[in-house]
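Participant: Shown below is the structure under consideration.
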Amino acid sequence: MQSHSKIVIFNDTHGWHSEQLVNALKAYKISAVLCDLADCTIDLDKPTGLSIPGFEEKLPAAALVRGIAPGTLEQITLRMDVLHTLAELSVPVLNPASAIEHTVDKARTSLRLHLSGLKTPKTWASENPQQARIIAAKQFKKSLSVVIKPLFGCQGKGIKKINNLDEFDALTVVGDAFYMQEYIEPFEENNWQDWRLMVVDNVVCAAMSRRSSHWITNFAQGASCFATTITPEMELLAIKATQAVEADYAGVDLIRNKDGSYTVLEVNSVPAWKGLFQATGINAADNIAKALAKRIASTQAETRDHVQ
């Protein structure tokens, strides 16, 4: 890229990940303003209708979404309005609002994966406690456990494994929404393991195995991370899962079933990669920066062609 470009990186708290991205972008002569989506304003006095800190004169060359803070429905809606509008103004956005909407809500992710024909755990979501109890009871009668997760959540927080109706009746679910999945027994007994694959532009750029003495295998919950090789089945499943949620990049979590096949546990459109970097030495920031630079160059070329 010949000319200098200036982008915005959105997150409510900027730290290690933002620093890695800023450094990786320098190789493409791209500078970044660190900003919180909550600080952006819809302002119809502006020609674009948007006011973004650090971009008083013109819009950013691109926007990179690293995180969106929790908020009310109204607050989240306003933040998504900003991302939707940037894309409508031909500003490349990684990941676009559509991908975030498909993944921030776990039920939506499950539906997208299911309708794409991809393997994912049996899932039920309901705001009716009686319906949820009936569903759970059917699983318990089969001597199966269910996993209860917050509809909006990350890093393994608030996840519980329920084995019977007494435990179910003692539950207090977040937001009065029951999001339940079948519990996947580990491939090897008492050896809980899953895999995180980082996909950028339909390529798996890094992968790690997460192992734990507990059934929750998130890095943030104390699991150990290891570099790993992946099979063609795992690679294709991760890429297709990323495509199913329309993400440019994503962290895809896979688990191995008792029969040896793999299933998609989760797709994260604002993934962290510090644990992945520590395990593999591969910094996903380099791949994300390359993807962003490619989109900026394409947009600039389209603009020049339009002007000519």
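Values quoted throughout were computed directly from the atomic coordinates according to the rules given, and no laboratory measurement underlies them. Owing to the predicted nature of the structure, the values given are computational and were not obtained by experimental measurement. Virtual Cβ from ideal backbone geometry, glycine too; neighbours counted across all protein chains shown.
Participant: Sort 125-136, 247-258 by the packing proxy (mean of other Cβ within 10 Å over each peptide's residues), most packed first.
Facilitator: Numbers: 125-136: 15.6, 247-258: 21.3.
Descending packing order for the listed peptides: 247-258, 125-136.
Participant: Calculate for the chain the 222 nm mean residue ellipticity that helices alone would give, adding -39,500 (n - 2.57) per DSSP H run of length 4 or more and normalising by residue count, nearest 500 deg cm²/dmol. Don't skip to the end; give the middle numbers.
Facilitator: Numbers: 9 runs with 106 residues, N = 308.
Computed mean residue ellipticity for the chain: -10500 deg cm²/dmol.
Participant: Then there's this: Rg/Rh for region 225-298 to two decimals, with Rh computed the Kirkwood way over all alpha-carbon pairs.
Facilitator: Numbers: Rg = 13.6 Å, Rh = 13.7 Å.
When Rh is taken as the Kirkwood radius, the ratio is 1.00.
Participant: Taking region 21-115, which GluC sites (Glu not before Pro) meet the DSSP loop condition and have no more than 15 other C-beta atoms within 10 Å?
Facilitator: Of the GluC sites (Glu not before Pro), the ones in loops of region 21-115 whose Cβ has at most 15 other Cβ atoms within 10 Å are GLU56, GLU57.
Participant: Calculate, for HIS84 and LEU171, the FRET efficiency according to 1/(1 + (r/R0)^6) with r their C-beta to C-beta distance and R0 25 Å; round to the nearest 0.05. It would help to have the intermediate numbers written out before the result.
Facilitator: Values: r = 35 Å, r/R0 = 1.41.
For HIS84 and LEU171, the calculated efficiency is 0.10.
Participant: Ok, one more. Report the percentage of all Cα-Cα pairs in region 1-51 whose separation exceeds 12 Å, rounded to a whole percent. Mind showing how you got there, number by number?
Facilitator: Numbers: 867 of 1275 pairs.
Of all Cα-Cα pairs in region 1-51, 68 percent lie more than 12 Å apart.
Participant: Further, regarding this structure: Please sort 232-240, 38-46 by packing, taking for each peptide the average over its residues of neighbouring beta carbons within 10 angstrom, highest first.
Facilitator: Values: 232-240: 17.1, 38-46: 12.6.
Result, highest mean first: 232-240, 38-46.
Participant: Hey, another quick one. For region 123-182, what mean projected area does the convex hull of the alpha carbons give, in nm²? Don't skip to the answer; put the middle values down first.
Facilitator: On the way: hull surface 14.4 nm².
Spelled out: convex hull of the Cα atoms, projected over all directions, averaged, 3.6 nm².
Participant: Rounding to the nearest 20 debye, state how big the charge dipole of the chain is about its Cα centre with +1 on each Lys and Arg Cβ and -1 on each Asp and Glu Cβ. If you can, show how the numbers build up before the last one.
Facilitator: Numbers: 31 positive and 34 negative charges, 148 e Å.
Around 720 debye, computed over the chain.
Participant: In whole Hz and in residue order, list the ³J(HN,Hα) couplings for region 286-301 that follow from phi through the Karplus curve 6.51 cos²θ - 1.76 cosθ + 1.60, θ = phi - 60°; x for Gly and Pro.
Facilitator: So the J values, rounded to whole Hz, are 5, 5, 5, 4, 4, 5, 5, 4, 4, 5, 5, 4, 5, 5, 5, 5.
Participant: Report, in degrees rounded to the nearest 10, the 0 to 90 angle that the Cα long axis of helix 73-88 makes with the longest principal axis of the chain.
Facilitator: With both axes taken from Cα atoms, the answer is about 50 degrees.
Participant: Between region 218-296 and region 47-107, what is the separation of their alpha carbon centroids in Å?
Facilitator: Their Cα centres are 23 Å away from one another.
Participant: Between the DSSP loop rule and a limit of at most 10 other Cβ atoms within 10 Å, which trypsin sites (Lys or Arg not before Pro) in region 43-84 are left? Spell out each step's value before the answer.
Facilitator: Details: sites: LYS58, ARG66, ARG79; in loops: LYS58, ARG66.
Passing both the DSSP loop test and the Cβ count: LYS58.
Participant: Let me ask something additional. Based on a Kirkwood Rh over C-alpha pairs, give the Stokes-Einstein translational diffusion coefficient of the chain at 20 °C and viscosity 1.002 mPa s in µm²/s. Walk me through the numbers on the way to the answer.
Facilitator: Numbers: Rh = 20.7 Å.
The diffusion coefficient I find is 103 µm²/s.
Participant: Now, a different point. Give me LEU265, LEU111 ranked fewest to most by other Cβ atoms within 10 Å of their Cβ, as a rough exposure proxy. Could the numbers behind the result be given before it?
Facilitator: Working: LEU265 21, LEU111 16.
Fewest-to-most ranking of LEU265, LEU111: LEU111, LEU265.
Participant: OK, next. At q = 0.10, 0.19 Å⁻¹, what log₁₀ I(q)/I(0) does a Debye calculation on the Cα points of region 124-254 give, no solvent, two decimals?
Facilitator: Ignoring solvent entirely, the Cα scatterers give -0.39, -1.14.
Participant: Please report, in whole Å³, the volume per residue of the convex hull around the C-alpha atoms of region 187-269.
Facilitator: Values: hull volume 6.9 nm³, N = 83.
It is 83 Å³ per residue.
Participant: At R0 = 35 Å, how high is the FRET efficiency between LYS26 and GLU127 if r is their beta carbon distance? Nearest 0.05 is fine. Can you show the working numbers first?
Facilitator: Values: r = 47 Å, r/R0 = 1.35.
Once the sixth-power term is evaluated, E becomes 0.15.
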